[in-house]
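Notes to accompany the following structure.
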Amino acid sequence: MSDVKTMGVIGAGQMGGGISQIAAVASMDVVVYDAHQAALDKCKATHQKLLARAVEKGKMAQGDCDAALKRIKYTANWNDLAGVDWAVEAVVENADVKAEIFAKLATTLTKPDAVLATNTSSISITQIAAAADKAKSGIASRVVGMHFFFPVPVMKLVEIIKGLQTDDAIVARTSALAERMGKTPLTANDRAGFVSNRVLMPMINEGFYALMEGVAEPEAIDGIMTLGCNFPMGPLRLADFIGLDTCAHIMDVLAEGLNSERYRPCPLIRQLVAAGRLGNKTGRGVFDYTQK
Ligand code: CAA
């Protein structure tokens, strides 16, 4: 059983919001940091809404909902993270931004055994750990990948990634923490895209090639994969759900990290991104969400 008392979550977006919610429900005190007050406000409102809905559905007692919400501190003050036992970074998927955050965390966290986890979906853990280690020598052994899936409260998996220098004991503690948060941990080594996106993204990319080449209409491509393979969403709708910009970015990381052009995003994905059709978050991707 994990003994983590306080978790710091860096980034109050969709992923950080979900991670902080399930940490609070698992009885941890949570510090959610974001530089933008608007993101913190939105995160808090989402927590209130989702936990209230869980109470309405009879999945949670009102007292537990109130206690979980009380355990979360929303802050734009970086130094509030100093005393946490465990930090999970969930900011934009950009290697330079993550390197900067990990260097800062390395010198901010005061507990000698504090763990620095990243929710990256494809960026090298070893590379992120190296940035932390430059700021504080030896800390790379406490940097680990903790990859959650969207929507975090619903998806059962946490993909745990062991960087080149991650201590085995830290991997074991990460698994215990994921279990405490109601998830199933599965471990992968540090290769671009780990397992999840190395397998998922080529499938999504092929869905776009099939669309671009006129193999079938979008509804048929998705219907064939949902009905024929029992996926909850077809590749095109799932790409809209993840964000086409995020998919394109992960595919580029795969192409560079695995040194193969076959992982590059289909031209149609690039075109939709250039048009600002990023998926659900902009109201339109392959499909139109503005009417729903
Ligand atoms: N936040 C919290 N809960 C949510 C939610 C959200 N954004 N969206 C749906 N839910 C909850 C609903 O409240 C509902 O809960 P109850 O069972 O308690 O009632 C449950 O999920 C099912 O929702 P719905 O009945 O509305 O809809 P559904 O049955 O169609 O399920 C879905 C929706 C769970 C999103 C399902 O379509 C699904 O599993 N899709 C695939 C999602 C997926 O593959 N995610 C991984 C993306 S890849 C990734 O995240 C990592 C990466 O690196 C890119």
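Residues that are open to solvent by 50 Å² or more (accessible area, probe 1.4 Å) and either in the same structural domain as K134 (by TED's automatic domain parsing) or over 20 Å from V152 (Cα atoms) (or both) are absent from the range 82-91 altogether. On the given criteria, is G223 among the small types (G, A, S) and either open to solvent by 60 Å² or more (accessible area, probe 1.4 Å) or under 19 Å from the mean Cα position of the chain (by Cα) (or both)? Taking the combined requirement at face value, the residue does not satisfy it. Determine whether G279 is small (G, A, S), without any contact (Cβ under 8 Å) to a residue 12 or more places away in the chain and within 16 Å of the ligand (Cβ to nearest atom). Considered against the rule, which asks whether it is small (G, A, S), without any contact (Cβ under 8 Å) to a residue 12 or more places away in the chain and within 16 Å of the ligand (Cβ to nearest atom), G279 comes out as no.
Looking only at the range 37-81, which residues are open to solvent by 80 Å² or more (accessible area, probe 1.4 Å) and among the polar types (S, T, N, Q)?
Within the range 37-81, the subset open to solvent by 80 Å² or more (accessible area, probe 1.4 Å) is 37, 41-42, 44, 48-49, 53, 56-57, 59, 62, 64, 70, 73, 79.
Of everything in the range 37-81, those that are open to solvent by 80 Å² or more (accessible area, probe 1.4 Å) and among the polar types (S, T, N, Q) turn out to be Q37, Q48, Q62, N79.
Residue by residue, here is whether (1) within 14 Å of the ligand (Cβ to nearest atom); (2) in contact (Cβ under 8 Å) with a residue 12 or more places away in the chain holds:
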residue: G17; (1), (2): yes, yes
residue: Q21; (1), (2): yes, yes
residue: V32; (1), (2): no, yes
residue: K42; (1), (2): yes, yes
residue: H47; (1), (2): yes, yes
residue: A54; (1), (2): yes, no
residue: K57; (1), (2): yes, no
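If you check D252 against the conditions, is it in contact with a strand residue (DSSP E or B) (Cβ under 8 Å, 6 or more places away or on another chain), closer than 19 Å to E93 by Cα and not assigned by TED's automatic domain parsing to the domain that holds D96? Criteria not met by D252.
Scanning the range 102-118 for residues that are open to solvent by 10 Å² or more (accessible area, probe 1.4 Å) and either touching a residue at least 12 places away in the same chain (Cβ under 8 Å) or assigned to a helix (DSSP H, G or I) (or both) yields A103, K104, T107, T108, L109, T110, K111, D113.
Of the residues that make up the range 207-220, is at least one within 11 Å of the ligand (Cβ to nearest atom) and modelled with pLDDT of 95 or more? Explain how you work it out, then say what you get.
As a first pass, look at the range 207-220 and keep what is within 11 Å of the ligand (Cβ to nearest atom): none.
Within the range 207-220 (the criterion being within 11 Å of the ligand (Cβ to nearest atom) and modelled with pLDDT of 95 or more), the answer is no, since none of the residues qualifies.
Restricting attention to the range 3-36, the residues that are open to solvent by 40 Å² or more (accessible area, probe 1.4 Å) and of a type in the set (F, W, Y) add up to 0.
In this entry, K134 passes the filter for residues that are open to solvent by 40 Å² or more (accessible area, probe 1.4 Å), out of contact with any Cys (no Cβ under 7 Å at 6 or more places or on another chain) and of a type in the set (K, R). The set of residues from the range 119-130 being farther than 17 Å from A169 by Cα and either within 14 Å of the ligand (Cβ to nearest atom) or open to solvent by 20 Å² or more (accessible area, probe 1.4 Å) (or both) comprises N119, T120, S121, S122, I123, S124, Q127, A130.
Report yes if some residue within the range 224-234 is in contact (Cβ under 8 Å) with a residue 60 or more places away in the chain and either of a type in the set (K, R) or more than 30 Å from I170 (Cα to Cα) (or both); otherwise report no. Looking through the range 224-234, none of the residues is in contact (Cβ under 8 Å) with a residue 60 or more places away in the chain and either of a type in the set (K, R) or more than 30 Å from I170 (Cα to Cα) (or both).
The values are calculated or read from the model by the stated rules, or taken from the named source; none is laboratory data. Being a predicted model, the structure only gives us computed values, none of them experimental. Ideal geometry is used to build each Cβ from the backbone, glycine not excepted, and the neighbour counts take in all protein chains shown. Only protein heavy atoms, including side chains, enter the accessible area calculation; ligands, DNA and RNA are left aside. Shrake-Rupley method; radii C 1.70, N 1.55, O 1.52, S 1.80 Å.
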